[in-house]
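Here is the structure we will look at.
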């Protein structure tokens, strides 16, 4: 018999999640699979702030149902097929999947599963970060909606996070001037020194004053990972013809904040604001991933990572996202 450790939702978070909201639970795996099932041994768990949306009572939507108390927490995992009764998967395949925070997962493949080409020579964890959903979110949002060009000013909120850290680099690569928004002087300094941001705004200070200083001609592209009051502040500083890509809204996850009251700025500035999901564009993953990989090989972008070890660190790592302790993609290696 094989024991399986899961991270379960012990209680519903109130505002920002706390380590006590999560507990470890033990179970035993079945001795055999049913037809159409496969068994994954998970090597990495991805920590993504957006999954906070589904931890509240009465939450849930077509993407993911509300999480139940004392049930394994849902998220993104990267694992390898150990057993299979499914025709499309073989032992040894590496899979990125929307499954539970567990050491092992059994699935009938009706969930969000994507084979990842780890034989291309990249570390497996890259397929949760720069070559996975987060890097692809930065790629699609920045290039499809933002469309930065030479000399434009591109503003990225949560610039030190998994998506923001890649989005800003893509903007710079395309000839734009990238300005980040992050929390604290230390993180801002790292964004400039390590990721090539031209400047960084500390959201603990006077954001409007800093926007006027660092974006004097206005913001041409805003890649928004935060929403709430910060989006409202930025809207007062957008340039004519600005493009706003709505990727996330961490300000509203579990602790609703008022939305923008100044949306008429989109009209007066003839601007466009559009939301998107990377996982609805799976057919474009190979081409996008190939371009991201090329930029990595050429040294045009880097892939910062905040990594912890052991399944007991999964809950604390998730909390670290909301406390701003991460820089780059947050993963736990099992």
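Details
- The GNM of the chain, with springs linking C-alpha atoms under 10 angstrom apart, assigns the highest mean-square fluctuation among 147, 187, 87 to 87.
- Measuring r between the beta carbons of residue 2 and residue 263 and using R0 = 56 Å, the FRET efficiency lands at 0.60.
- Contour excess over end-to-end distance, with Cα ends at residue 213 and residue 66 and 0.36 nm allotted per residue: 48.7 nm
- Over the stretch 220-299, equivalent-ellipsoid semi-axes from the Cα gyration tensor in Å: 28, 17, 12
- Between the stretch 12-66 and the stretch 87-121, the Cα center-to-center distance that results, in Å: 15 Å
- Likely footprinting exposure, 43, 309, fewest C-beta neighbours within 10 Å first: 309, 43
- The GNM of the chain, with springs linking C-alpha atoms under 10 angstrom apart, assigns the highest mean-square fluctuation among 130, 116, 156 to 116.
- Packing-based exposure ordering (other Cβ within 10 Å, fewest first) of 90, 267, 84: 267, 90, 84
- In the chain, one over the average inverse separation of all distinct C-alpha pairs is 20.5 Å, which is the Kirkwood hydrodynamic radius.
- Within the stretch 1-34, backbone nitrogen closer than 17 Å to the virtual label 7 Å beyond the Cα of residue 108 toward Cβ: 30, 32-34
- Among 35, 258, 124, residue whose mean-square fluctuation peaks in a GNM of the chain (springs only between Cα atoms under 10 Å): 35
- Each of 29, 38 has some number of other Cβ atoms within 10 Å of its Cβ, and from fewest to most they run 29, 38.
- Degrees, to the nearest 10: 185-195 long Cα axis against longest axis of the chain: 80 degrees
- Seen against the Cα atoms of the chain and their longest principal axis, helix 285-297 is set at about 70 degrees.
- Global geometry of the stretch 16-119, whether rounded, prolate or oblate, following the gyration tensor of its Cα atoms and the 1.5 cut on a/c: prolate
- From the largest down, the stretch 133-279 spans 36, 33, 30 angstrom on the principal axes of its Cα atoms.
Since every read-out is calculated from the coordinates, none of them should be taken as a lab result. Computed from a predicted model, the values in this text were never measured in an experiment. Using ideal geometry, Cβ is built from the backbone for each residue, glycine included, and neighbour counts are taken over all protein chains shown.
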